[in-house]
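Structure first, then comments.
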Amino acid sequence: MDWQKEDLKYIWHPCSQMKDYEELPPIIIKSGQGVHLTDIDGKDYIDIVSSWWCNLLGHCNLKINKAITDQLNTLEHVIFANFSHTPAIKLCQRLADVVPAGLTKFNFSDNGSAAVECSLKMAFQYCYQTGNTEKTKFMCLSDGYHGETIGALSVGTLDLYAKIYKPMLMDTIRIDAPDCFRCPYGKCRDDCECECFKKAEEAFEKHGKETAGMIIEPLLQGSAGMRIYPPLYLKKLRALCDEYGVILIADEIATGFGRTGKMFAFDHAGVSPDIMCISKGLTGGYMPMAITITTDKIYNAFYSDYNEGKAFMHSHTYSGNPLGCSAALAVLDILNEDKIIEKADKTAVYLHGALQDALGTHKNVGEIRHIGLINAIELCEDTITKKGFDTKLRVGYSIYKKALEHGLILRPLGNVLYFNPPLIIEKNDIDHAIKKCVQSIHEILD
Ligand SMILES: *Cc1c(COP(=O)(O)O)cnc(C)c1O
């Protein structure tokens, strides 16, 4: 059987121009182990992008496998309205101890975009039910990404995903995001005072009154090209949201579970959001699950006699799926018992050092920015002026295709190549990945 041909006969792949598959047919993966994937012809790939950022602890982790199989043989799923199960309860008990202070109530869904939709509706309804009916708008940062459904796209600002759908989207207030690589104030992210925050102050002054919530990707704007900005920005934003009674929504879908070196990105800032969305790493990349977590204060605004009509009438069929909860419990066990985040801290120093040594002085590498194990290589046509390559040249994509030949999955964001590996990656795989990456860059650019 020609599986690639059969695939293309039926499958419309996500986020792809399907015509590209004529030249680069889908790679049919048979198995995974740790940071490695193997295709049906036996070729090995290093999964340096954690299978779209969700694989947290490697593929085919025996502890997670066992947790899911045990659960599978007990209860696969049950309606979550009026019914519950111990995996969900235990998971919330455990998460309550590790999420930023004050987040106490857990609303389950099954993907990141759904968790974002839930957060927007929750914030809107909270304002409505606390007498702030003028607060109907949302604020977000430019170049932000929060998922692909209509609400999530509305607070997303990347034209690549949202432009066509503009007539379908709600009107949002956009604030220029920090752009530390090309800082318009000539500052450096390591020691600046977030001069760019004045854009947020201006927006709040103008629109704060009519704004229900502000959603943000804390410290790392992932889809924008792994753009990294300082924790001070979050601190300032917390204070500004308090001043204007705006609900602060943290989209920790990409940053949660140790990706930035701490359990959650907000932990770097020492402040808490009012609502937090988590998904991706939550189940270690095993099961589709997401949670929107909020405070007692917000929860209580929905708590009333039924006929008052204040309930949050939001649901997903697969809310609280027991297989997902069991996987997530296993993930928390492993993070804890194997001291994964502490160990990843050390690996991160090695990874960044090695990448910097290998590519830091390359004529087309503008910057190698990093947070936790995430390292982003910004390719520029000219590193002095920081002029990017014309996106039509698809330089990143060409390097991606080369890297695939060499057995490295380096799926880029435009002209930004990045490493966002499972937290358990070890030095020898890092060395191999860097070698393959460097070779691919040389073959395309030199
Ligand atoms: C991936 C992602 C989402 C969307 O999650 P899906 O599960 O793909 O719907 C939202 N926000 C951020 C920051 C993400 O990285």
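Of the residues contained in segment 312-331, one or more are found to be on the phi > 0 side of the Ramachandran plot, buried (at least 20 other Cβ atoms within 10 Å of the Cβ) and touching a strand residue (DSSP E or B) at 6+ places or on another chain (Cβ under 7 Å). Figure legend. Inter-residue proximity from segment 258-278: first residues farther than 17 Å from Tyr233 by Cα and of a type in the set (Gly, Ala, Ser), second residues part of a loop (DSSP other than H, G, I, E, B) and more than 16 Å from the ligand (Cβ to nearest atom), beta-carbon distance below 7 Å, spacing 6+ or different chains. Indicated pairs: Gly258/Leu423.
Looking at Leu219, Leu248 in this structure, which one is within 16 Å of the ligand (Cβ to nearest atom), more than 14 Å from the chain's Cα centre (by Cα) and of a type outside the set (Lys, Arg)? Just a single option satisfies the conditions, and that option is Leu248. In the condition set (1) farther than 17 Å from Pro273 by Cβ; (2) among the hydroxyl-bearing types (Ser, Thr, Tyr); (3) within 16 Å of the ligand (Cβ to nearest atom), Thr69 is compliant with all but (3).
Against the list (1) within 30 Å of Asn300 (Cβ to Cβ); (2) in contact with a Gly (Cβ under 9 Å, 6 or more places away or on another chain); (3) not aromatic (Phe, Trp, Tyr), the condition Leu141 fails is (2). Counting just the residues of segment 361-394 that are part of a strand (DSSP E or B) and free of Cβ contacts under 8 Å to residues at least 12 places away in the same chain, which one comes out nearest to Ala265 (Cα to Cα)? Top of the filtered list is Lys387. With respect to being without any contact (Cβ under 8 Å) to a residue 60 or more places away in the chain and either aliphatic (A, V, I, L, M) or over 30 Å from Tyr244 (Cα atoms) (or both), Leu160 fits the description. Among the residues making up segment 173-194, those that are closer than 22 Å to Met214 by Cβ and touching a Gly at 6+ places or on another chain (Cβ under 9 Å) are Arg174, Ala177. Scanning segment 183-218 for residues that are surrounded by 15 or more Cβ atoms within 10 Å (Cβ to Cβ), in contact (Cβ under 8 Å) with a residue 12 or more places away in the chain and assigned to a loop (DSSP other than H, G, I, E, B) returns Cys183, Arg189, Cys192, Cys194, Glu217, Pro218.
For (1) among the β-branched types (Val, Ile, Thr); (2) in contact (Cβ under 8 Å) with a residue 40 or more places away in the chain, each residue gets a yes or a no:
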| residue | (1), (2) |
| --- | --- |
| Trp3 | no, no |
| Cys15 | no, no |
| Glu22 | no, no |
| Ile29 | yes, no |
| Asp44 | no, yes |
| Val49 | yes, yes |
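Among residues that are away from the ligand (no atom under 16 Å from the Cβ) and touching a Gly at 6+ places or on another chain (Cβ under 8 Å), Lys199 is not included.
For segment 251-267, a residue qualifies if it is under 12 Å from the mean Cα position of the chain (by Cα) and not in a loop (DSSP other than H, G, I, E, B), and the qualifying residues are Asp251, Ala265. Please find, within segment 162-178, the residue that is farthest from Cys196 (Cα to Cα) out of those that are outside any helix (DSSP H, G or I) and away from the ligand (no atom under 16 Å from the Cβ). My answer is Met170. Taken as a whole, segment 146-161 holds no residue that is more than 16 Å from the ligand (Cβ to nearest atom) and surrounded by 20 or more Cβ atoms within 10 Å (Cβ to Cβ). Of the helices (runs of 4 or more DSSP H) lying entirely inside segment 48-130, those carrying at least 1 residues that are closer than 14 Å to Ala290 by Cβ are 50-53, 86-98, 112-129.
The residue that is surrounded by the most Cβ atoms within 10 Å (Cβ to Cβ), counting only those in segment 268-283 that are of a type outside the set (A, V, I, L, M) and outside any helix (DSSP H, G or I), is Pro273.
Readers should treat all values here as calculations from the given coordinates under stated rules, not as data from a laboratory. Because the structure is a prediction, the values reported are computed rather than measured. Note that each Cβ is placed from the backbone with ideal geometry, even for glycine, and that neighbours are counted across all protein chains shown.
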